[in-house]
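Notes follow once the structure below has been shown.
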Amino acid sequence: MGAAVVGYGLGPDIWGRRHWASVRRAPGRPPLLALTFDDGPHPEITPVVLSALEAAGARATFFMVGANVRRYPALVRRVRDQGHAIGVHTMSHRHAWLATPARLRWEMRECLRTIVEVAEARPLWFRPPYGSFNLLTQRTAAAQGLRIALWSCDAGDWLPGASGALIRRRVLAGLEPGAVIDLHDGGQTPKGCWAMARSLPEILEAASRMGLRGVHLGELFGLPAME
């Protein structure tokens, strides 16, 4: 059993983070900052995030859970219409190690199909839940034409009891040219998500003072938001 876990999950996870073509930051230190939001859309938090981004003239990538895409299609289209990118984050946020091969393929393909159906545009990016790989993660993503995106800075807004002070401290420490910031506008920790949303204007202002412009992942790597 232990060998199976290592072979299917832990081993590929460690190897994949180092060797697979997963994105963590942009090369060359461009004066850009990729803002990413996971686990939404959320009917109350996501609109607050969108308003903060719009006020700052920033763009972002929203890695959406397919079940939430089905629940809030109008919000998905609002994200698209405001010029942001939408990425695949599986249908139910299932950890890759806990998914059978058939379930993993379904989680990724069905989320992609659902986003295309609702947004009428095709995502270019996939973020594995928890940033975790298994043997099929890279292969399935590549077969669907998706690039894997991780991050260079974790805001910690998913932590139990995450405060605005913690989130700001972690993000401000990670602000640098070409960084990819991992934030959450949905999921199991709404308190942390709300703290993030309230802190976002201050974070965007700090980035602006550093000469960093908030963009979606495509712009960071010379690609469109979606196809």
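Which of the residues spanning the stretch 194-227 are among the hydrophobic types (A, V, I, L, M, F, W, C) and within 21 Å of F126 (Cα to Cα)?
Within the stretch 194-227, V215, L217, L220, F221, L223, A225, M226 meet the criteria.
Here's a check for you: in the stretch 90-114, which residue that is of a type in the set (A, V, I, L, M, F, W, C) and surrounded by 24 or more Cβ atoms within 10 Å (Cβ to Cβ) is farthest from R25 (Cα to Cα)?
C111
Does L172 satisfy the condition of being of a type in the set (A, V, I, L, M, F, W, C), at pLDDT 95 or above, over 19 Å from F126 (Cα atoms) and surrounded by fewer than 20 Cβ atoms within 10 Å (Cβ to Cβ)?
The answer is yes for L172.
If we scan the stretch 181-197, do we find a residue that is more than 16 Å from the chain's Cα centre (by Cα) and in contact (Cβ under 8 Å) with a residue 60 or more places away in the chain?
yes
Across the stretch 113-165, what is the number of residues that are over 17 Å from the mean Cα position of the chain (by Cα), of a type in the set (D, E, K, R) and modelled with pLDDT of 95 or more?
So the answer is 3.
Quick one: in the stretch 90-112, which of the residues that are at pLDDT 95 or above, among the aliphatic types (A, V, I, L, M) and not in a loop (DSSP other than H, G, I, E, B) is farthest from L159 (Cα to Cα)?
Top of the filtered list is L112.
Output yes when any residue across the stretch 199-221 is aromatic (F, W, Y) and either closer than 24 Å to R94 by Cβ or touching an Asp or Glu at 6+ places or on another chain (Cβ under 9 Å) (or both), and no when none is.
no
Which residue out of L217, L183 is within 18 Å of V79 (Cα to Cα), surrounded by 15 or more Cβ atoms within 10 Å (Cβ to Cβ) and in contact with a helix residue (DSSP H, G or I) (Cβ under 6 Å, 6 or more places away or on another chain)?
L183
Q188 is checked against (1) polar (S, T, N, Q); (2) surrounded by fewer than 18 Cβ atoms within 10 Å (Cβ to Cβ); (3) modelled with pLDDT of 95 or more and fails just one. What number does that condition carry?
Exception for Q188: condition (3).
Does at least one position in the stretch 41-55 carry a residue that is more than 21 Å from H216 (Cβ to Cβ), modelled with pLDDT under 95 and not acidic (D, E)?
Checked against the condition, which is being more than 21 Å from H216 (Cβ to Cβ), modelled with pLDDT under 95 and not acidic (D, E), the stretch 41-55 yields no hits at all.
The values are calculated or read from the model by the stated rules, or taken from the named source; none is laboratory data. Not measured: the values here are computed from a predicted model. For neighbour counting, all protein chains shown are included, and Cβ atoms are generated from backbone atoms with ideal geometry for every residue, glycine included.
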